[in-house]
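A short write-up of the structure that comes next.
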Amino acid sequence: MARRIQTAATIAQRGAVVLALICFLTPVLWLVTVAYKPARDVFSFPPTLLFTPTLANFRQIFAIFDVPLWLWNSVLISFGTTAASLLLGVPAGYALARLRAGWATGLAYGFLAVRMVPPVATLIPFYLMMRDIHMLGTVWAVILLDTTANTAFVVWMMYSTFRAVPPEMELAALTDGCTMAGAFFRIALPLAAPGLVSSALFSIMLSWNDFLYPAFLTNADSKPLAVGLLSAYGTKDITWGTMGALAHFSTIPIVLVALALNRYFVQGLTRGLH
Amino acid sequence: MPRPRRLLLSQRRRLFFVMIGVPAAAYVAAVTLWPLTQGLVDSFYDDSLLRPGRDRFTGFDNYVAMVSDPSARRALVNTFAFTFAAVASELLLGFALALLLWRDSAFNRASLSLLLVPVTVTPLAVGLVFRALLAPEFGVIGYWAVQWGISGPRGFFADTATALPTLVGIDIWEWTPLMVLILLAGLKSLPHDVMEAAAIDGAGAAQRLVRIVVPLMVPTISLACLLRAMDAFKLFDSVFIITKGGPNDATNVLMFHAAKLGLEFFDIGAASAVSTVMLLCVGLLSFGFIQLMRRADARALD
């Protein structure tokens, strides 16, 4: 009897989870499949689910747009931003975690608070500044601005990660004559590896998906995929199919990276709690 | 000959920490605080890029103009309504899903990783997808919603009553999974005896949940709500892609309003006033959550 209740509960639980997954995944599956639909099926009335697959949409986007250039710009922006954010943010997060003073905790939360700054508030003055120093229309302008928000977030995530790593081993190494930089690189950092991966993942994801900053700071030669997707949508002869095909480059890579690293995803966010 | 005074190990460590912390603090301060100060100053000026060199100090005029502008007032109300509706629904739905996935099993782990998909999809693509799916003429959802009378004949986004709730729905789709991931990480870090006590099914399970699990989850819940509220308050992407603030300002939110004033009409003064108000509101909101978290954290350390 008890076992039967147990089984029924498991089935109910799995049923509910599967239902939720269907809701969360169907729109993405639609985006992927629409790329292989001939144009007339996208607009068929009423909508159909069965169609003969075609690669016409992919041929079309490569004929109209400079997809490899957009891809390269996206890679430059997300990797440049992530490298800079980790370089600045990881040591700072470590320092704040180890200082063990009230003001250090306050400062760590201050870094978290940077996330609440509305992007337009920084974008407008930054836009004017980039225009004055002739950096408008370059990926570097985007990297400089994206790095701020991401650094602040990395500092906070690494602060909570390092706080969960006990300092005793570092202190022991220091008394044995290890340098402070050595204690950081050889002892603290390896123990904080999951948080590090999580920070990198967040940083790559946020800068890859960002489109407000690059929409205003880049030009035709420096725009990333997210902005390309938007401009493709703005053109008249663009169908949902070509948008789906473009999304294969703008969206699928980042989803796959996140799926591959999924177990690190929230560790950096929640390590410091409890 | 006196030997040079050597700093103690603890002092040198302190110095080292300050040295490695300064670059990040300096960079963030330079690229965030500087524009923010600039924006605060601009909000007191009549400053338009269309009339260069004719800026003048106007005191609170931009703020007065904002308060007396019905479209800006609407944006303020919409932003709060959107943030509250989105975060509250995501919390409830996310907590329910997190409880369902609490037990560690292969099925649950696989489901959890698939849940990551909506969070990572480019927000711009999310906006475009839902715009297509909800289109009343050909969208898979929109078409049938019209046929079955769920939406008006011109779709969810053409009706002032349904436009903002539909944007909330899209936000729920996109961000509930992140809520689940954070809450689940919190649930899994609860002490073992608590987990066992609460994991037993049957009578009283709901009561144990409310009495034992929820109080222990306060820091995690605050963190999850804080992160979501900060982002929901900055809603821009789906408004920009789908509704452009319409119909009739029904989906006009502060971030979109500020971007329109500043980057479309180049009225820097007015845009700065709106973003300053935004910062004040979201600051107060975040302060509340951070106090909750720090108090719970301090209790946990005792």
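The values are calculated or read from the model by the stated rules, or taken from the named source; none is laboratory data. Predicted model, so just to flag it, every value in this text is computed and none were measured. Cβ placement follows ideal geometry from the backbone for every residue including glycine, while neighbour counts extend to all protein chains displayed.
Side notes on the structure shown:
- Checked against (1) within 19 Å of A:LEU112 (Cβ to Cβ); (2) free of Cβ contacts under 8 Å to residues at least 40 places away in the same chain, B:ARG228 passes all but condition (2).
- Note on the stretch B:115-138: residues that are in contact with a Pro (Cβ under 9 Å, 6 or more places away or on another chain) and either among the aliphatic types (A, V, I, L, M) or part of a helix (DSSP H, G or I) (or both) amount to 10.
- Selection status of A:THR138, within 10 Å of another protein chain (Cβ to nearest Cβ) and hydroxyl-bearing (Ser, Thr, Tyr): no
- On the stretch given as the stretch B:93-111, residues that are surrounded by fewer than 21 Cβ atoms within 10 Å (Cβ to Cβ) and either within 8 Å of chain A (Cβ to nearest Cβ) or touching a Pro at 6+ places or on another chain (Cβ under 8 Å) (or both) total 4.
- Among the residues of the stretch A:122-145, those identified as in contact (Cβ under 8 Å) with a residue 40 or more places away in the chain, among the β-branched types (Val, Ile, Thr) and part of a helix (DSSP H, G or I) are A:VAL139, A:VAL142, A:ILE143.
- The set of residues in the stretch B:87-103 that are of a type outside the set (Gly, Ala, Ser) and free of Cβ contacts under 8 Å to residues at least 12 places away in the same chain comprises B:LEU92, B:LEU100.
- Test: residue in the stretch A:153-163 that is buried (at least 17 other Cβ atoms within 10 Å of the Cβ), more than 29 Å from A:MET116 (Cβ to Cβ) and touching a residue at least 60 places away in the same chain (Cβ under 8 Å): no
Each row is one residue, and each column tells you yes or no for (1) under 22 Å from A:LEU230 (Cα atoms); (2) out of contact with any helix residue (DSSP H, G or I) (no Cβ under 6 Å at 6 or more places or on another chain).
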position: A:LEU55; (1), (2): yes, yes
position: A:PHE58; (1), (2): yes, no
position: A:PHE79; (1), (2): yes, yes
position: A:ALA84; (1), (2): no, no
position: A:LEU87; (1), (2): no, yes
position: A:GLY110; (1), (2): no, yes
position: A:VAL114; (1), (2): no, no
position: A:TRP140; (1), (2): yes, yes
position: A:TRP156; (1), (2): no, no
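- Pairs where the first residue, in the stretch B:186-211, is farther than 21 Å from B:CYS225 by Cβ and the second is among the aromatic types (Phe, Trp, Tyr) and modelled with pLDDT of 65 or more, C-beta under 9 Å, 6+ apart: B:MET195/B:TRP102; B:ALA198/B:TRP102; B:ALA199/B:TRP102
- If only residues of the stretch B:62-76 that are in contact with a helix residue (DSSP H, G or I) (Cβ under 8 Å, 6 or more places away or on another chain) and in contact (Cβ under 8 Å) with a residue 24 or more places away in the chain are counted, the one that is surrounded by the fewest Cβ atoms within 10 Å (Cβ to Cβ) is B:SER71.
- Counting only residues that are touching a residue at least 12 places away in the same chain (Cβ under 8 Å) and either closer than 30 Å to B:LEU9 by Cα or at the interface with another protein chain (Cβ under 9 Å from one of its Cβ atoms) (or both), the stretch A:68-109 holds 15 of them.
- Checked against the criterion of being aliphatic (A, V, I, L, M), part of a helix (DSSP H, G or I), buried (at least 20 other Cβ atoms within 10 Å of the Cβ) and under 15 Å from the mean Cα position of the chain (by Cα), the stretch A:90-99 has no qualifying residue.
Listed here are the residues, each with its yes/no results for (1) more than 10 Å from chain B (Cβ to nearest Cβ); (2) buried (at least 22 other Cβ atoms within 10 Å of the Cβ); (3) farther than 19 Å from A:PRO68 by Cα; (4) not acidic (Asp, Glu).
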| residue | (1), (2), (3), (4) |
| --- | --- |
| A:PHE185 | yes, no, yes, yes |
| A:VAL197 | yes, no, yes, yes |
| A:SER207 | yes, yes, no, yes |
| A:PRO214 | yes, yes, no, yes |
| A:ALA226 | no, yes, no, yes |
| A:TRP240 | no, yes, yes, yes |
| A:GLY244 | no, yes, no, yes |
| A:HIS248 | yes, no, no, yes |
| A:ASN262 | no, no, yes, yes |
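- Any hit, the stretch A:182-191, residues being over 30 Å from A:HIS248 (Cβ atoms) and not in a helix (DSSP H, G or I): no
- Within the stretch B:253-274, the set of residues being more than 10 Å from every other protein chain (Cβ to nearest Cβ), more than 17 Å from the chain's Cα centre (by Cα) and modelled with pLDDT of 85 or more comprises just one member, B:ALA273.
- Residue within the stretch B:149-160 that is touching a helix residue (DSSP H, G or I) at 6+ places or on another chain (Cβ under 8 Å) and at the interface with chain A (Cβ under 10 Å from one of its Cβ atoms) present: no
- Of all residues in the stretch B:14-48, those satisfying the criterion of being surrounded by 18 or more Cβ atoms within 10 Å (Cβ to Cβ) and closer than 18 Å to A:ALA149 by Cα are B:GLY21, B:ALA24, B:ALA25, B:TYR27, B:VAL28, B:VAL31, B:THR32, B:PRO35, B:LEU36, B:GLN38, B:GLY39.
- Only one entry in B:VAL119, B:VAL140 is at the interface with chain A (Cβ under 7 Å from one of its Cβ atoms) and farther than 17 Å from B:ALA250 by Cβ, namely B:VAL140.
- B:PHE17 being within 12 Å of chain A (Cβ to nearest Cβ) and either at pLDDT 80 or above or over 29 Å from the mean Cα position of the chain (by Cα) (or both): yes
- Taking the conditions (1) touching a Pro at 6+ places or on another chain (Cβ under 8 Å); (2) within 24 Å of B:LEU91 (Cα to Cα); (3) more than 13 Å from chain A (Cβ to nearest Cβ) in turn, B:ASP237 satisfies each one other than (3).
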